[in-house]
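Written below as structure tokens is the structure these notes are about.
The values are calculated or read from the model by the stated rules, or taken from the named source; none is laboratory data. Here the structure is a predicted model, which means the values were calculated and not measured. Cβ atoms come from the backbone with ideal geometry, glycine included; neighbour counts cover every protein chain shown. Areas reflect the complete protein model, heavy atoms only, side chains present, ligands, DNA and RNA absent. Shrake-Rupley method; radii C 1.70, N 1.55, O 1.52, S 1.80 Å.
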Protein chains: 2
Amino acid sequence: MSQRHITFPQRECADCPIRHRAVCARCETDELEQLEAIKYYRNYEAGQTIIWAGDKMDFVASVVHGVAALTQTMEDGRRQMVGLLLPSDFLGRPNRDRAAYDVTATTDLQLCCFRRLPFQQMLSSTPHVSQRLLEMTLDELDAAREWMLLLGRKTAREKIASFLSIIARRDAAQHTPRPGGAVAFDLPLTREAMADYLGLTLETVSRQMSALKNDGVIKLDGKRHIIVPDFAALMDETGDDADGGVY
Amino acid sequence: MSQRHITFPQRECADCPIRHRAVCARCETDELEQLEAIKYYRNYEAGQTIIWAGDKMDFVASVVHGVAALTQTMEDGRRQMVGLLLPSDFLGRPNRDRAAYDVTATTDLQLCCFRRLPFQQMLSSTPHVSQRLLEMTLDELDAAREWMLLLGRKTAREKIASFLSIIARRDAAQHTPRPGGAVAFDLPLTREAMADYLGLTLETVSRQMSALKNDGVIKLDGKRHIIVPDFAALMDETGDDADGGVY
DNA sequence: GTGCATGCTTGATCCAGATCAAGGTCAAAC
DNA sequence: GTTTGACCTTGATCTGGATCAAGCATGCAC
């Protein structure tokens, strides 16, 4: 079968959930035009709920800046975070008209939204969008599986160290990297939200943060700003093997 | 933009990982021909390792019958299952040439395999395959998120009950449903593998199975055959709300 | 300023599930 | 039919993290 799509090198559509790694020469124009036509922005303050599980959801979106959390809650109030969306992450599921999880902004947040129905139609008519969305979803599934190892088998201390290293790495990916083993970043979550992420109580999170601080693995500047003098020392606390993770 | 693909009603390709929900009139023939040309079968016995994390993986596959498990292992031997593949589930990731997880057959298993490179090429040239694969991956992500709630927040008893209800439901989906609230099925996992699934020890799994048996929620016929006299009673033990789960 | 709320820390105690340790069951091998 | 080994169950004890309970720090409203 002949290749029906001629591809060009990387081309970005700002704020678009789908960063085209390659753009189809045939449908490029239509695709970008369509996305532009159905796109709009929404802003939320830290702590605001974006949508409750079960609510109608007439859009999908991409995080422009800030952080959003997906959480599940049991009847008796036990809560587990099941997704943490940082800039460029995708929110919502095509072909589903109701939210499956509670979504909250854990920092001030801007979303780039697309009305769901036109977005779906574009999905079914243009191949590259669903191919890119597939890659993104597979990455998210890998992250979920790493998270499952954390939840099922790691100690409280390892959970905290793992969480800090995840945030540090994802934060670094947004900024130009700085030299040396030292790293600094802001926590985008309260101690309670960290507990929901890690399957712990907020007291245990607080205690283990103090323990890592006392052991010199991290330094705290205020409650939220973290300094990691030696990133390798933090990684040693995560329980992951040195090269760590997905092949 | 005009719809470039004319679609017909459902059409199945036996053993194909992609159940076409609709088939493109233009590319249908090529697509099926291509899949057929690169497909072959592999069989494994219960307990056999299919591939180790980090190994070269030159195929993707669909489970025909039997059950396979994806597991992660920490250096000190702690293990967590992160995927459980039942018939029709997909194994492997396009565009990745090494396995990210250990894969083992937990029962006798048959895979329908596709050589990875031709499969990838087909992915990039035919839109429906990646659209279908996206749907499947999104379903798997939802399942992973349910699993995260289980690992992070459920009690041992709730974990066991949830696991049994998951297996019962997926088992029922393969067979024609029988009437009444009673359900029976075989466990496709040893107690140890259940422990790896649930983030418990095998002793705790065994104790909680006994407890559910003593409380009349389940009956055991041998170690592996489970009878659930009242499925609603089992669901009550899972900690999930009545209508349970994704919207 | 004072008052109040939100988020965080730390201490004391408790308990679910891990760990350590035996022993039981069953089927296949001899 | 007895030996072997894989798999499972049950008991006794231990412990990491939960729970209960104060207090502290910071920032905002007035």
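Observations
- Test: residue in segment A:173-182 that is within 13 Å of DNA strand D (Cβ to nearest atom) and among the hydrophobic types (A, V, I, L, M, F, W, C): no
- Residue that is nearest to the chain's Cα centre (by Cα), among those in segment A:74-84 that are open to solvent by 30 Å² or more (accessible area, probe 1.4 Å) and within 9 Å of chain B (Cβ to nearest Cβ): A:Arg79
- Evaluation of A:Glu140 against (1) within 8 Å of chain B (Cβ to nearest Cβ); (2) open to solvent by less than 40 Å² (accessible area, probe 1.4 Å) (one fails), failing number: (2)
- Restricting segment B:85-105 to residues that are open to solvent by 20 Å² or more (accessible area, probe 1.4 Å) and more than 14 Å from chain A (Cβ to nearest Cβ), the residue that is farthest from the chain's Cα centre (by Cα): B:Thr104
- Residue satisfying condition, being basic (Lys, Arg) and within 9 Å of another protein chain (Cβ to nearest Cβ), within set B:Arg145, B:Arg191: B:Arg145
Yes or no, residue by residue, for (1) among the hydroxyl-bearing types (Ser, Thr, Tyr); (2) more than 16 Å from DNA strand C (Cβ to nearest atom); (3) away from chain A (no Cβ under 13 Å); (4) farther than 23 Å from A:Asp142 by Cα:
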| residue | (1), (2), (3), (4) |
| --- | --- |
| B:Leu151 | no, no, no, no |
| B:Ala161 | no, no, yes, yes |
| B:Arg169 | no, yes, yes, yes |
| B:Ala172 | no, yes, yes, yes |
| B:Thr176 | yes, yes, yes, yes |
| B:Leu202 | no, no, yes, yes |
| B:Asn214 | no, no, yes, yes |
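- Members of segment A:211-236 found to be within 12 Å of DNA strand D (Cβ to nearest atom) and either at pLDDT below 95 or of a type outside the set (A, V, I, L, M, F, W, C) (or both), listed by number: A:Asp221, A:Gly222, A:Lys223, A:Arg224, A:His225
- Some residue of segment A:186-200 being modelled with pLDDT of 95 or more, in contact with a Gly (Cβ under 7 Å, 6 or more places away or on another chain) and within 12 Å of DNA strand C (Cβ to nearest atom): yes
- Residue match in segment B:106-129 (condition: farther than 21 Å from B:Leu35 by Cα and within 7 Å of chain A (Cβ to nearest Cβ)): no
- Residue within segment A:44-66 that is of a type in the set (Asp, Glu) and within 8 Å of chain B (Cβ to nearest Cβ) present: no
- Residue match in segment B:183-195 (condition: away from DNA strand D (no atom under 11 Å from the Cβ), of a type in the set (A, V, I, L, M) and over 26 Å from B:Ala61 (Cβ atoms)): yes
- A:Glu135 being assigned to a helix (DSSP H, G or I), more than 14 Å from B:Met148 (Cβ to Cβ), within 11 Å of DNA strand C (Cβ to nearest atom) and among the charged types (D, E, K, R): no
Okay, residues lined up against (1) in the same structural domain as B:Glu36 (by TED's automatic domain parsing); (2) without any contact (Cβ under 8 Å) to a residue 24 or more places away in the chain:
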{"position": "B:Arg78", "(1), (2)": "yes, yes"}
{"position": "B:Leu91", "(1), (2)": "yes, no"}
{"position": "B:Pro94", "(1), (2)": "yes, no"}
{"position": "B:Asp97", "(1), (2)": "yes, no"}
{"position": "B:Tyr101", "(1), (2)": "yes, no"}
{"position": "B:Thr106", "(1), (2)": "yes, no"}
{"position": "B:Phe114", "(1), (2)": "yes, no"}
{"position": "B:Arg132", "(1), (2)": "yes, no"}
{"position": "B:Ile160", "(1), (2)": "no, no"}
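- Restricting segment A:123-133 to residues that are more than 19 Å from the chain's Cα centre (by Cα) and surrounded by fewer than 22 Cβ atoms within 10 Å (Cβ to Cβ), the residue that is farthest from A:Gly152 (Cα to Cα) is A:Ser125.
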